[in-house]
Protein chains: 2
Amino acid sequence: MTTLLEPKIPKGFRDFLPAEKRRRDFVVEKLKKAFESFGFEPLETPALEYAETLEGKYGEEEKLIYKFEDRGGRLVALRYDQTVPLARVVSQYPQLPKPFKRYQIQPAWRAESPQKGRFREFLQCDFDVVGTNSLLADAEVIMVIVSTLKKLGFRDFQIQINSRKLLTEMMKEAKVSEDKVISAIIAIDKLEKIGQGGVVEELTKRGLNKETAAKVLQVLERAKPNEELSILFNYLNLVGLKQYFTFQPSLARGLTYYTGPIFELKVKDYPGGSLGGGGRYDQLIGLFTRQDQPAVGFSFGFERLIEAMEKLNLLPEKQSNAQVLVTVFSPQLLEKSLALTKQLREKGLNTEIYLDPSVKLEKQLKYADLKGVPYAVILGPEEAEKEEATLKNLQTKEQKRLSVEKLAVEIKFP
Amino acid sequence: MTTLLEPKIPKGFRDFLPAEKRRRDFVVEKLKKAFESFGFEPLETPALEYAETLEGKYGEEEKLIYKFEDRGGRLVALRYDQTVPLARVVSQYPQLPKPFKRYQIQPAWRAESPQKGRFREFLQCDFDVVGTNSLLADAEVIMVIVSTLKKLGFRDFQIQINSRKLLTEMMKEAKVSEDKVISAIIAIDKLEKIGQGGVVEELTKRGLNKETAAKVLQVLERAKPNEELSILFNYLNLVGLKQYFTFQPSLARGLTYYTGPIFELKVKDYPGGSLGGGGRYDQLIGLFTRQDQPAVGFSFGFERLIEAMEKLNLLPEKQSNAQVLVTVFSPQLLEKSLALTKQLREKGLNTEIYLDPSVKLEKQLKYADLKGVPYAVILGPEEAEKEEATLKNLQTKEQKRLSVEKLAVEIKFP
């Protein structure tokens, strides 16, 4: 006898069994509908890119890229996000009409240390507009976020907005030396989490003197939207989204490629952090084409979105895609049961027949119960003779005898 | 200036730009609907499995598995198919109700030499029934294939059916020595392609003497369905599928794990080979649990399905998900254009607004044309004053001035 294999998967990876997978598909469908309602088109890029395509884009996090040599000895890498592949696509296919509005919903892989809510394989849901400087595009990104969240059933959420340009201007005003600007911005980003005292400490740890650190906080407190933010906020007010956004001058976001407005989505009553982030990145695409191509977009944190929806009871409870199980009373009645199954399916019901005529009725009903199918149909000799069938509601345990004609109606409109 | 990156992807991998991605999504949706109408539930497994989970299951093809060491020094492998992961899942989660009917639509990766129609990353669309010996399950697999093909618009197709058991019995009858049975079966599988003469040649090349080779062909010619095939065919006749299947005694299929009936799908007028295959594999799951778990399933060759649909004109021509583009006549009229966009979207139309108010109308219309949006709306000062808008059909170039109320109706029911 050969060794027995233990069935298991690598840490940080997940199986999605039907109940969970259905919920994820439900949310993905809503996202697609929302993106498409604004005219975004779908894009798919391969799981493997040349490693050099991804390298040098993600700052310190680059070490989390899954890289390996393929059989031809070339260094390849698993998709780390969908923004760099988008930049590559836009450069590779200059014929794409601009503005190029695309959404992309695919997994990404990062060799993180697995922990609660952080996985090595996770779904990314991005939408971006490439090819226009107009801040109307940034405004549309915010509109799409609001529309999507509403479609998902969220009510109380806020998009925090800041500008990378404004952050740099503020650091200049506070007289932070040029080589410390990025480090200081990273410290500021923690303001909400660690408070003013924490930030001052963090700033001095990063080599700013106390005076400059204090000045940074002062400048932050007095911060006002710069020109680009004023235009953006004006657009948002115009479309009635005043209540959904906040100016958050300490917001920085980690990724180094942002150049303009930046966004982060927070949902009230969900303590697990931001549900997504994005912003304008006008120089990333130039790495491939030497011609900068303006771009702005957003990425939903799908795993957190699901978690938040679960917490707020926004996910449907449906337990099974099958709406009804037709049992097989006996091998003699199989033909009639098959015919009935076909009829119900043709009436648009997801209909399952129990696949083993030799199994006892009781066990067949138990299967439907376990699987969460809401209805079962019993077609015994008596029913068969009268061209009827017994419909059993598996939740209430109610049964009624119905003509075959009326069965589908009863299941659809109980 | 840093080196310019050439935007490109590894050989055998593909980008799907919007037009192509939409067509793929269209077909995936149809497949899901078909699977769900029979009560199959969705499953998702991770892209990376431990290498040992996949090894020893695929025969000679095992060398095509993408394998590498992860950062913890464990050997991991990219999903090679969806059957072995299913076997792992069934063993790992014994609580899943049986029969477990699942479908799975995810990419798989194989380090093949790329050639026409053969890729290193390709979509697999599988459905399987695990946990019953009943041949009604095998019959249902065939029913699902027929129903799916009809939903996709195919008319003239055949499912070739044979039995692994019958093949072994036939080899015994032809007195093929036990150590040559598998090799001989592989030769027989080529009958349709290379004819009787070719098969005899192939058999002798594989070490059978001429007499035995001739006997093999003789046995093949006289082959009749064995008991399991007779039961299966009886079920298929019962549900009216007589015209859709053929007994094909030379059919063998490569994979070593099949144990009972095997299937292959052929579409008339598509010369590119089979559009999918499957069969019963009652021992694969036992590799994980030591308890054999009967199973039967089928895998659609998605890439060929798309190719065949293209050839037979079964794919929709829709060029864009956006149904209408609202142009922006001038920055002064932006607010009104935004309001109209919102109204149309609320009426259920995928509505795009041109995202840069500083761009000339002509260029905006050209964008809609390039992208394949069927309608554009023009809202100039005159229209604005009368609470109207001009609707332009971008295919016929027809224009009409309409009240805002009537716009959506006209786009929906032209």
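FYI, it's all coordinate maths here, none of it is from the lab. Just so we're clear, the structure is a prediction, and the values are computed from it rather than from any experiment. In this analysis, Cβ positions are derived from the backbone assuming ideal geometry, glycine residues included, and neighbour counts consider all displayed protein chains.
The table for this structure:
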{"quantity": "Computed FRET value (nearest 0.05) for residue B:256 with residue B:6, which takes r as the C-beta separation and R₀ as 51 Å", "calculated": "0.75"}
{"quantity": "Alpha-carbon centroids, the stretch A:31-68 and the stretch B:89-127: separation in whole Å", "calculated": "22 Å"}
{"quantity": "Distance from the stretch B:299-326 to the stretch A:331-353 (C-alpha centre basis), Å", "calculated": "31 Å"}
{"quantity": "For residue A:339, inter-copy label distances in nm, listed shortest first [label point 7 Å out on the Cα-Cβ vector]", "calculated": "6.2"}
{"quantity": "Over the stretch A:229-335, volume per residue of the alpha carbon convex hull, in Å³", "calculated": "241 Å³"}
{"quantity": "Net charge, residue B:393 excluded, C-beta distance under 14 Å - Lys, Arg +1, Asp, Glu -1", "calculated": "+2"}
{"quantity": "Rounded to 5, the percent of DSSP beta bridges in the protein assembly as shown classed as antiparallel", "calculated": "80 percent"}
{"quantity": "Modelled FRET efficiency - R0 45 Å, residue A:30 with residue B:292, Cβ distances, 0.05 increments", "calculated": "0.65"}
{"quantity": "Percentage of interatomic Cα-Cα distances in the stretch A:121-209 larger than 23 Å", "calculated": "48 percent"}
{"quantity": "Under 5 Å, built H, 5+ apart or other chain: amide partners of residue B:276", "calculated": "B:265, B:301"}
{"quantity": "Where only C-alpha atoms are counted, convex hull volume of the stretch A:18-311 per residue in Å³", "calculated": "152 Å³"}
{"quantity": "Long-range amide H partners of residue A:246 with built H, under 5 Å", "calculated": "A:159, A:160, A:161"}
{"quantity": "Filtered GluC sites (Glu not before Pro), the stretch A:299-371: DSSP coil and at most 16 other beta carbons within 10 Å", "calculated": "A:317"}
{"quantity": "Kirkwood Rh, Cα atoms: Rg over Rh of the protein assembly as shown", "calculated": "1.01"}
{"quantity": "Which of A:390, A:246, B:327 has the fewest Cβ neighbours within 10 Å, and the rest in rising order", "calculated": "A:246, A:390, B:327"}
{"quantity": "Square roots of five times the Cα gyration tensor eigenvalues for the stretch A:324-412, Å", "calculated": "16, 16, 12"}
{"quantity": "Virtual paramagnetic centre 7 Å along Cα→Cβ of residue B:218, amide N under 16 Å, in the stretch B:184-209", "calculated": "B:200, B:209"}
{"quantity": "Unsatisfied cross-links (Cα-Cα over 19 Å) in the set A:165/B:363; A:386/A:406; A:371/B:101", "calculated": "A:165/B:363"}
{"quantity": "Inter-part distance where the stretch A:396-414 and the stretch A:190-230 are each reduced to a Cα centre, Å", "calculated": "66 Å"}
{"quantity": "Ratio of the Cα radius of gyration of the stretch B:1-100 to 2.2 N^0.38 Å, where N counts its residues", "calculated": "1.45"}
{"quantity": "Mean residue ellipticity (222 nm) of chain A, computed from DSSP H runs ≥ 4 via -39,500 (n - 2.57), nearest 500", "calculated": "-11500 deg cm²/dmol"}
{"quantity": "At most 10 other Cβ within 10 Å, DSSP loop - trypsin sites (Lys or Arg not before Pro), the stretch A:83-186", "calculated": "A:116"}
{"quantity": "Inter-label distance, nm, simple model (7 Å from Cα along the C-beta direction), residue B:397/residue B:234", "calculated": "6.9 nm"}
{"quantity": "Residues A:86, B:315, sorted so that the one with the fewest Cβ neighbours within 10 Å comes first", "calculated": "B:315, A:86"}
{"quantity": "Total charge dipole magnitude, the stretch B:142-208, about the Cα centre, Cβ charges on Lys, Arg, Asp, Glu only, Debye to nearest 20", "calculated": "260 debye"}
{"quantity": "Residue-wise HN-Hα coupling along the stretch A:242-252, computed from phi with Karplus coefficients 6.51, -1.76, 1.60 (Hz; x: Gly, Pro)", "calculated": "3, 6, 9, 10, 9, 7, 10, x, 8, 5, 10"}
{"quantity": "Over 20 Å between alpha carbons, listed pairs B:318/B:366; A:347/B:311; A:8/B:67; A:33/B:318; A:150/A:242", "calculated": "A:347/B:311"}
{"quantity": "Percent of beta bridges antiparallel (DSSP, chain A, rounded to nearest 5)", "calculated": "80 percent"}
{"quantity": "Pairwise Cα inverse-distance average, inverted: Kirkwood Rh of the stretch A:327-368 (Å)", "calculated": "10.6 Å"}
{"quantity": "Estimated vicinal HN-Hα couplings, Hz - the stretch B:84-93 in sequence order (Karplus 6.51, -1.76, 1.60; Gly, Pro = x)", "calculated": "5, x, 4, 4, 4, 4, 4, 6, 6, 10"}
{"quantity": "Whole-Hz ³J(HN,Hα) from phi, Karplus 6.51 cos²θ - 1.76 cosθ + 1.60, for the stretch B:282-290, glycine and proline x", "calculated": "8, 10, 4, 5, x, 5, 9, 10, 6"}
{"quantity": "Residues residue A:370 and residue A:180, FRET efficiency given R0 of 60 Å [Cβ-Cβ distance, rounded to 0.05]", "calculated": "0.45"}
{"quantity": "Amide H contacts under 5 Å for residue A:39, placed H, 5+ residues apart", "calculated": "B:351"}
